[in-house]
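Only one structure is covered here, and it is reproduced in the block below.
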Amino acid sequence: MASMTPKTENELADAISSAKGPLRITGGGTRDIGNPVVGDALSTAALSGITLYEPGALTLVAQAGTPVSEIEAALDAENQRLAFEPMDHRALLGTQGTPTIGGMVAANVSGPRRIAVGACRDHLLGVRFVDGAGTVIKNGGRVMKNVTGYDLVKLLAGSYGTLGVLSEVSLKVLPKPETEATLVLNDLSLEDSVAALSAALGSPFEVTGASKVKGQTCIRIEGFEASVRYRAEQLTALLSTHGDVDQVDHNASSTLWRGIANVSNFADHEAVTRVSVQPSAAPALGHEIASKHNLDVMLDWGGGLMWLGMTQGDAAAVAHQAIQDSCAQINAHATLIKAPIETRAAVPVFQPENPTITALSDGIRAKFDPRGILNPGLMV
Amino acid sequence: MDMPQPNPTILSRKAKIVEILQRVLPKDAVIHSDSQVRAYECDALTAYKCPPLCAVLPATTDEVSAVLKACHEMGVPVVPRGSGTSLAGGALPTADCVILGTARLNAVLETNYDDRYIRVGSGRTNLSVTGAVEEMDFFYAPDPSSQLACAIAGNIAMNSGGAHCLKYGVTTNNLMGVKMVLMDGTVTEIGGAHLDAAGLDLLGLICGSEGQLGVVTEATLRILRKPEGARPVLMAFNDNEVAGACVADIIKAGVLPVAIEFMDRLCIETTDNYAKAGYPDCEALLIVEVEGAPEEIDEQLALILDIARKHDPVELREAKSAEEAARIWLGRKSAFGAVGQIADYMCLDGTIPVSSLPMVLRRIGELSERYGLQVGNVFHAGDGNMHPLILYNANKEGDLELCEAMGAEILKLCVDAGGCLTGEHGVGIEKRDLMTHQFEPQDLEIQMAVKDVFDPMWLLNPAKVFPLQSSQSRRIAAE
């Protein structure tokens, strides 16, 4: 199979318009998610560099292949950050390579702070991309508020390269807080943990992380030092009905959340399903599924995001389908993020949607990629 | 302003169309007499008026579905309407259309404080969503100026913003799910009480699609706990550019206020004469509001005031009480009304990178002199969403056209500065023909192709968003 790494947007457009068959599109190749795609490899890794960064306007524009680390370093120098805390999938998936900003957007990758500030898609201000016919298209821009025409920016985020190949993305960035702290409650049941997280998220104390990892229920606050101290006191009092509250400060807190964002404690699991669910429905789903299929459960987003880890890869297909069946009953959705390639080929990696949504999504794909050559079948 | 010629066949079949709609709706839900349909002849862009063929007010999703199915079968265009507060003509009828009003879809269907969402009928007004959760100290964040009247349906159609979206985001960032009816009557749900899409993000696509892809009948909205308190500070400067530089410095410093509002001399003086807010005599003023516990507010305001002092302010006024806070906001909140007292005005909505603020303000001043029309600037400075108000006299022949020509130049200026035509009002009919300045033909073509998927016959709000010339072949093919 051929392999292409265009260096300019024009070369990218040429590569797509002259393609004779399916293309397997990657950024840095660290997020091997979805149904396996067979086709010529097309990487955006060589479309690299920050095009524009205006700290005073909270905006950054970069070519799709720019390493996330390069962007984070540039932001760090101005005491800013990508507030949605994108997950680095390498530890969980055991992949090598350099995560790119385009890959992050294509998979709409967010982390624990999504619960407070929104997802990657909420911070994406504009895109340039090449559609399946090789046409260069732009949508959105580089300003915070923009309702000019349809919002294809959101549509491209999380479309895994199936609608177009991103050439440039424009992102909203935010100031880094002065400090952070994490409150920890130990050994709560799933029910008690979600109740504690809901109480914290429903308080006025601006919680920016709400997770349960192993036995620890973790609640993060960030901001100016005096403010963090004040809110930590208030939350400790609020949560005292749920148990004793320990506190983890600054650097240790930061390390803790990096691990949560990257789901690194599931690195040794052979298969991992990711579930988006109404938080209060998470405990029942967890009990029903976890006990039957011997899964490990990790919660994020106050219970709204469940990571279900399976130690045995060969049982993953059955477990994942059971999870999707349960999700279908409660308007939740499950994605098989990690599994042996033959397992992913055998089950719906993404939650099947209702026939109307499926027809609309297929219709959109047919417009953006009439020949069906962009990562075909990946999102099935 | 051009609108497509109404379809004469539809006009001639009015009686039959009304009869068919009356079969699927309660009697009082079909409005068709000449005098009554006039209530729907325009939205808040009042310069353009056209009574619709008729108007319908369905009260359930099933009724919406029945109406759309019937109109689809008859080939009659439908213009969805929330509360009719669009400043862009988003709900302007054509003579051959059925107006579909969402006013009766206004119930609170579910509130869930543990999971922090509310599900409402889309006709519910923005402010009454907060009203429904206020007793538990929660609120719905997007707060367009028209929030007392505007409907969630219209907020979703236009992806509305407001003064506080610097911190909380706009409608699309607070919308979790919808129940929606497609033009052929198909009912579907997208999203819900969970976060993010299972597959393609159709919810993100629906929000801001100006009623062209479907009619939203129910919405699941994120609600938030109210902060412990909020307090504004007023800063007066003798130069617009200095005020603009101060905004950028505040943002860079790491404080994220909930709002940074800007007013120039014309707006300051006009609102002060009208609302007696007691604003200082200056060229530009900023109102910056922060939230939190009292000590947190003190700390943030101290930082912001330190930054402001470096920009040689004429006056810094900190609110010491709720009454003083209300006085600081009084002028800003009455600005549009006050300007309306002295002249007719057209309100623009272009957005620019904050860094271009001084340049764009200067150029607007130059355009004002060239056209001989006064311009007041009052806007959300933190996110670069400008609202230049061009003053004109509706009774003076040619003044409206002059005003529109100048408005077009200002919006092109916003695009050229790296911004966009509209930050929160929508394209509607108002900015339709300027779309080619911001987009290449292929950028518009793919958007229209998306409409083809949802509404192949181009019956939903067909004459909006896209330049008439660009959408002509599709609209004609549909007839």
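Just one of (1) closer than 20 Å to A:Leu82 by Cα; (2) surrounded by fewer than 24 Cβ atoms within 10 Å (Cβ to Cβ) trips up A:Thr135, so point out which.
The number of the failed condition is (1).
How about region A:171-264: which helices (runs of 4 or more DSSP H) wholly inside it have at least 3 residues that are free of Cβ contacts under 8 Å to residues at least 12 places away in the same chain and more than 14 Å from chain B (Cβ to nearest Cβ)?
In region A:171-264, A:250-261 are the helices (runs of 4 or more DSSP H) which contain 3 or more residues that are free of Cβ contacts under 8 Å to residues at least 12 places away in the same chain and more than 14 Å from chain B (Cβ to nearest Cβ).
Return the total of residues in region B:1-50 being more than 23 Å from the chain's Cα centre (by Cα) and of a type in the set (A, V, I, L, M, F, W, C).
Residues meeting the conditions: 13.
Could you check region A:266-313 for strands (runs of 3 or more DSSP E) lying wholly inside it with 3 or more residues that are in the same structural domain as A:Arg220 (by TED's automatic domain parsing) and surrounded by fewer than 24 Cβ atoms within 10 Å (Cβ to Cβ)?
Per the criteria, no element qualifies.
In region B:408-441, what residues are free of Cβ contacts under 8 Å to residues at least 24 places away in the same chain and buried (at least 20 other Cβ atoms within 10 Å of the Cβ)?
B:Gln438, B:Phe439, listed by residue number.
Quick one: how many residues across region A:149-168 are assigned to a loop (DSSP other than H, G, I, E, B), touching a residue at least 24 places away in the same chain (Cβ under 8 Å) and either aromatic (Phe, Trp, Tyr) or more than 7 Å from chain B (Cβ to nearest Cβ) (or both)?
Residues in region A:149-168 being assigned to a loop (DSSP other than H, G, I, E, B), touching a residue at least 24 places away in the same chain (Cβ under 8 Å) and either aromatic (Phe, Trp, Tyr) or more than 7 Å from chain B (Cβ to nearest Cβ) (or both): 5 in total.
Which condition breaks for B:Ser128 when tested against (1) within 27 Å of A:Leu125 (Cα to Cα); (2) surrounded by fewer than 24 Cβ atoms within 10 Å (Cβ to Cβ)?
Single failed check for B:Ser128: (1).
On the basis of being outside any strand (DSSP E or B) and within 26 Å of B:Gly169 (Cβ to Cβ), does B:Ile287 make the cut?
no
Are any residues in region B:46-75 surrounded by fewer than 23 Cβ atoms within 10 Å (Cβ to Cβ) and part of a loop (DSSP other than H, G, I, E, B), and if so, which ones?
B:Thr46, B:Ala47, B:Tyr48, B:Lys49, B:Cys50, B:Pro51, B:Leu57, B:Ala59, B:Thr60, B:Gly75
How many residues, within region B:188-212, are assigned to a loop (DSSP other than H, G, I, E, B), touching a residue at least 24 places away in the same chain (Cβ under 8 Å) and within 7 Å of chain A (Cβ to nearest Cβ)?
5
Yes or no, residue by residue, for (1) of a type in the set (A, V, I, L, M); (2) crowded, with 17+ Cβ neighbours inside 10 Å; (3) under 30 Å from B:Leu348 (Cα atoms):
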residue: B:Leu11; (1), (2), (3): yes, no, no
residue: B:Pro26; (1), (2), (3): no, no, no
residue: B:Leu92; (1), (2), (3): yes, yes, yes
residue: B:Ile99; (1), (2), (3): yes, yes, yes
residue: B:Ala107; (1), (2), (3): yes, no, no
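Could you tell me whether region B:231-239 includes any residue that is touching an Asp or Glu at 6+ places or on another chain (Cβ under 9 Å), among the acidic types (Asp, Glu) and outside the structural domain of B:Asn126 (by TED's automatic domain parsing)?
Checked against the condition, which is being touching an Asp or Glu at 6+ places or on another chain (Cβ under 9 Å), among the acidic types (Asp, Glu) and outside the structural domain of B:Asn126 (by TED's automatic domain parsing), region B:231-239 yields at least one hit.
Answer yes if at least one residue in region B:261-273 is touching a residue at least 40 places away in the same chain (Cβ under 8 Å), within 23 Å of B:Gly384 (Cα to Cα), β-branched (Val, Ile, Thr) and within 14 Å of chain A (Cβ to nearest Cβ), and no otherwise.
Scanning region B:261-273 turns up no residue that is touching a residue at least 40 places away in the same chain (Cβ under 8 Å), within 23 Å of B:Gly384 (Cα to Cα), β-branched (Val, Ile, Thr) and within 14 Å of chain A (Cβ to nearest Cβ).
Look at region B:120-149 and say how many of its residues are part of a loop (DSSP other than H, G, I, E, B) and charged (D, E, K, R).
Adding up the residues that qualify gives 3.
The values are calculated or read from the model by the stated rules, or taken from the named source; none is laboratory data. Just so it is clear, the model here is predicted, and its values are computed rather than measured. Glycine gets a Cβ as well: all are built from the backbone with ideal geometry, and neighbour counts include every protein chain shown.
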